[in-house]
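J.: Before we start, here is the structure in question, set down as structure tokens.
Bear in mind these aren't lab numbers, they're just calculated from the coordinates by the rules spelled out. Source: prediction; values computed, not measured. In this analysis, Cβ positions are derived from the backbone assuming ideal geometry, glycine residues included, and neighbour counts consider all displayed protein chains.
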Amino acid sequence: MNETVTAATAPLRARAEIDLGALRANVRALRALAPDAALMAVVKSQAYGHGALRCARAAVEAGATWVGTATPEEALALHAAGLPDGVRLMCWLWTPGGPWREAVEAGIDVSVSGMWALAEVTAAARAAGVPARVQLKADTGLGRSGCQPGEDWAELVGAALRAEREGVLRVTGLWSHFACADEPGHPSIAAQLTVFREMLDHAEAAGVRPEVRHIANSPATLTLPESHFDLVRCGIALYGISPSPEIGTPADFGLRPVMTLSASVALVKHVPGGHGVSYGHHYVTPGATTLGLVPVGYADGVPRHASGTGPVLVGGKWRTVAGRVAMDQFVVDLGGDEPEPGAEAVLFGPGDRGEPTAEDWAQAAGTIAYEIVTRIGARVPRVYVDGQDGRDGRDGRGAPEKLGGPGGDGPARVDLDPTGHADEGRAR
Ligand SMILES: *Cc1c(COP(=O)(O)O)cnc(C)c1O
């Protein structure tokens, strides 16, 4: 699955460059913001499109001691691919009949929100002959997964403690998730913290001795120290993106975007004024101009909602998607400029070359930056580079043939992983 190519022989239609050095620096910045808590690198959905295994390993190198995924399949794939000893894996999105036994045998911490899940995990642990590591999830107000406070929580905690006394499981964690942590001052934040403390008190009074208590996601890690408890679970911030422009820019928190999405301009041509552009002719050239064809489309994750609005840097200038984004391509009006075919079109990146950011695309498409990076499709190769924590002094153009390994020595190569699933296929 995992090709390694020399960039000089592989000009790419499109690429998502993933700067693992920036990711490591982001992990260090987050640890400095939550110095008394352990850090969980949340790498669900291929690390928000960045590639789960490589990002998990880089995060661990920089000090993350937990790795989190949504589904058990994602966690099992990481386990099979191999993470350093001592790193804890956790997953939380279970459905009845899920791979409980495999997860228990792999030593993965599993989340339990209700009695059906407790029954399935206990049965799996008995069958495996290995105690399960169970984290009880409380719904402190999100209204999504998690056990309701009150009688439901008392029943779940009681049943889990009985199973723990039998040696079938160990309650390793008590945890919850925020609804509005990206809106500082939202009254639900304080309310959820109060309910969380009450639910912790109840469980601990009943005899639970958790290794970790946790509720903070990225926005809470960045803005709410009182929510850090023993562990913070960071997703979007690891990838150098602010959870919301309202709470600040990535730079405000010492974060740097990890993904740069670019494409090679496929065609440049002169057209007269009045020329309709792309499906539906929603853009008509206002006068004689040049058009550039950018060979990525909604099948690659470029949002169709950014038709007529998405920004692209070509030849040092911001251009705007002209007309509709199609499945595989879109067009920009180059205003008479004539870049060579093959010129770089940068859709988004850290922003320090003047390129747009994922946040700019989120605003252009009426969504959040999480969705922009997460949806970049499997057809776009992920090119892993190591910007030595984003400061290696390379020429800034991301030219793969100029990239070296971390020490800058050895042949210039990039790892090309067309799916972003490097090494993980084996586990499936
Ligand atoms: C996705 C997720 C996170 C990470 O959220 P970010 O806002 O990206 O930091 C944390 N906890 C849970 C339960 C999640 O599903």
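J.: Give all pairs with beta carbons closer than 8 Å in which a residue from the range 138-158 that is within 20 Å of Ala190 (Cα to Cα) meets a residue that is basic (Lys, Arg); count only pairs at least 6 apart in sequence or on separate chains.
T.: That search, which allows pairs on different chains as well, returns Ser145/Lys137; Gly146/Lys137; Cys147/Lys137.
J.: Another question, if that's okay. Taking the range 17-55, which residues are away from the ligand (no atom under 13 Å from the Cβ), over 23 Å from Arg379 (Cβ atoms) and in contact with a strand residue (DSSP E or B) (Cβ under 7 Å, 6 or more places away or on another chain)?
T.: Arg31, Ala37, Ala38
J.: A further question follows. Take Val258 and decide whether it is of a type outside the set (Gly, Ala, Ser), in contact with a helix residue (DSSP H, G or I) (Cβ under 6 Å, 6 or more places away or on another chain) and under 16 Å from Phe348 (Cβ atoms).
T.: yes
J.: May I pose another question? Sort out which residues of the range 170-179 are touching a helix residue (DSSP H, G or I) at 6+ places or on another chain (Cβ under 6 Å) and within 12 Å of the ligand (Cβ to nearest atom), and write them in order of number.
T.: Passing the criteria: Ser176, Phe178, Ala179.
Rundown of residues vs (1) without any contact (Cβ under 8 Å) to a residue 60 or more places away in the chain; (2) touching a Cys at 6+ places or on another chain (Cβ under 9 Å); (3) in a loop (DSSP other than H, G, I, E, B); (4) hydrophobic (A, V, I, L, M, F, W, C), yes/no style:
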position: Lys269; (1), (2), (3), (4): yes, no, no, no
position: Gly287; (1), (2), (3), (4): yes, no, yes, no
position: Thr320; (1), (2), (3), (4): yes, no, no, no
position: Pro341; (1), (2), (3), (4): no, no, yes, no
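J.: Can you confirm whether Ala25 is surrounded by fewer than 24 Cβ atoms within 10 Å (Cβ to Cβ), within 24 Å of Gly349 (Cβ to Cβ) and without any contact (Cβ under 8 Å) to a residue 40 or more places away in the chain?
T.: So Ala25 fails the test.
J.: OK, next. Here's a check for you: in the range 234-267, which residue that is part of a helix (DSSP H, G or I), over 25 Å from Ala14 (Cα atoms) and out of contact with any Pro (no Cβ under 8 Å at 6 or more places or on another chain) is farthest from the ligand (Cβ to nearest atom)?
T.: Ala251
J.: Okay, next question. Could you say which residue among Asp337, Asp360, Asp333 is of a type outside the set (Val, Ile, Thr) and under 24 Å from Asn26 (Cβ atoms)?
T.: Testing whether each residue is of a type outside the set (Val, Ile, Thr) and under 24 Å from Asn26 (Cβ atoms) leaves just Asp360.
J.: Give Leu30, Leu76, Leu39 a once-over and let me know the one that is hydrophobic (A, V, I, L, M, F, W, C), touching a helix residue (DSSP H, G or I) at 6+ places or on another chain (Cβ under 7 Å) and part of a strand (DSSP E or B).
T.: So the residue among Leu30, Leu76, Leu39 that is hydrophobic (A, V, I, L, M, F, W, C), touching a helix residue (DSSP H, G or I) at 6+ places or on another chain (Cβ under 7 Å) and part of a strand (DSSP E or B) is Leu39.
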